[in-house]
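Engineer: Below is the structure I would like to discuss, written out as structure tokens.
We did not get these values from a lab; they are worked out from the coordinates using the rules stated. In this text, all values refer to a predicted model and were calculated from it rather than measured experimentally. Counting neighbours? That spans all protein chains shown, and the Cβs are built from the backbone with ideal geometry, glycine included.
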Amino acid sequence: MIDLYFWTTPNGYKVLQFLEETRIDYRLVPVNISKGEQFDPEFLKISPNNKMPAIVDHDPVEGDEPITVFESGAILLYLAEKTGRFIPQDQKGRANVLQWLFWQMGGLGPFAGQNLHFVHYAPKILPYAIDRYVNETARLFKVMDKQLAESNYLAGDYSIADMASYPWVAIYKRLQQDLNDFPNLKRWYEQIKNRPATIIAYRKGTSINTIPTVTEESKKILLGQNAKTLAA
């Protein structure tokens, strides 16, 4: 049994997609980040960076003690190795998947996240910041588009690299992007969007977070953190 601590963010959906693809026995544990549930002391024992997703594997391959993993990329890699699914076993194929996984973790996710912040949540309109992150998101989309002109998926066969990137592409409208500008990426997006596991994952997420609006109060919780808030 895997416990998935989840909320309806791109990073949360990555792991939910994997679990639905592999049909692993799992339990969904909602962590409503708009209410500050990510700061619960019990959750911080699992995810010390007070972010979700995180997992607890109650049936690890080695040993009897449960294993906890936080950070979505680390979780995807852990689950891929546990199941032997969605990551190649040969060195070349594995390296190819990992470089695209780390590309998403170090590039697409952070820059798209800043895009969302400055376009939708910043208390002041900052044209330089908006242009910076919207343009960088477009550049990263183009990187994927060029790769997908040569390959059906980012690293050959469908893999954790695609699962990591898809939820960030799925919010392309909020990121001020037009997929018609990236025809290969659009084809890839439609393929993954219509996978049964993707459909189920997003349906489950929607059923959990029925009021996804970010309020002024929730912004204080989500965006008002610093070193002092973690000192308690």
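Engineer: In whole percent, what relative contact order does the stretch 91-193 give with Cα contacts below 8 Å and a gap of six or more residues?
Structural biologist: Values: 88 pairs, mean separation 35.6, N = 103.
Averaging sequence separation for qualifying contacts and normalising by length gives 35 percent for the stretch 91-193.
Engineer: Can you give the percent of C-alpha pairs in the chain whose distance is more than 25 Å?
Structural biologist: 43
Engineer: Tell me the mean residue ellipticity at 222 nm calculated for the chain from its helices only (DSSP H runs of n ≥ 4, each -39500 (n - 2.57), averaged over every residue, nearest 500).
Structural biologist: The per-residue figure over the chain is -15500 deg cm²/dmol.
Engineer: When the dipole is taken about the Cα centre of the chain, and only Lys, Arg (+1) and Asp, Glu (-1) are charged at their Cβ, what size is it in debye, to the nearest 20? The partial results should precede the final answer.
Structural biologist: Working: 26 positive and 26 negative charges, 168 e Å.
Computed about the Cα centre, the dipole is about 800 debye.
Engineer: Still on this structure, please answer the following. Determine the alpha carbon to alpha carbon distance for each of Lys82/Lys142; Lys14/Lys45; Lys92/Lys142; Lys51/Lys92 and list only those over 27 Å. All intermediate terms of the calculation are to be shown ahead of the outcome.
Structural biologist: Values: Lys82/Lys142 32 Å; Lys14/Lys45 22 Å; Lys92/Lys142 24 Å; Lys51/Lys92 32 Å.
Long pairs (Cα-Cα over 27 Å): Lys82/Lys142; Lys51/Lys92.
Engineer: Would you mind listing how long the stretch 52-124 runs along its three principal axes, going by Cα atoms, in whole Å with the largest first?
Structural biologist: Projected onto its principal axes, the Cα set of the stretch 52-124 covers 51, 32, 13 Å.
Engineer: Could I ask something else about it? Between the stretch 147-196 and the stretch 10-62, how far is it from one alpha carbon centroid to the other, in angstrom?
Structural biologist: 24
Engineer: OK, next. In percent, how large is the relative contact order of the chain, given Cα pairs closer than 8 Å and 6 or more residues apart? Show your work: numbers first, answer last.
Structural biologist: Numbers: 286 pairs, mean separation 53.8, N = 232.
Relative contact order of the chain: 23 percent.
Engineer: Over the stretch 91-193, consider all pairs of different Cα atoms and compute the Kirkwood hydrodynamic radius from their mean reciprocal separation; express it in Å, one decimal. Show your work: numbers first, answer last.
Structural biologist: Numbers: mean 1/r = 0.0718 Å⁻¹.
With all distinct Cα pairs of the stretch 91-193 included, I get 13.9 Å.
Engineer: A further question on this structure: Quickly rank 146-155, 99-108 as a protection proxy: mean count of other C-beta atoms within 10 Å, highest first.
Structural biologist: Top to bottom by mean Cβ count within 10 Å: 99-108, 146-155.
Engineer: Just name one of Ile199, Gln91, Gln147: the one whose Cα is farthest towards the positive end of the charge dipole of the chain (beta-carbon charges, Lys/Arg +1, Asp/Glu -1).
Structural biologist: Gln147
Engineer: In what order do Glu190, Glu136 fall by count of nearby beta-carbon atoms within 10 Å, going from fewest to most?
Structural biologist: Glu190, Glu136
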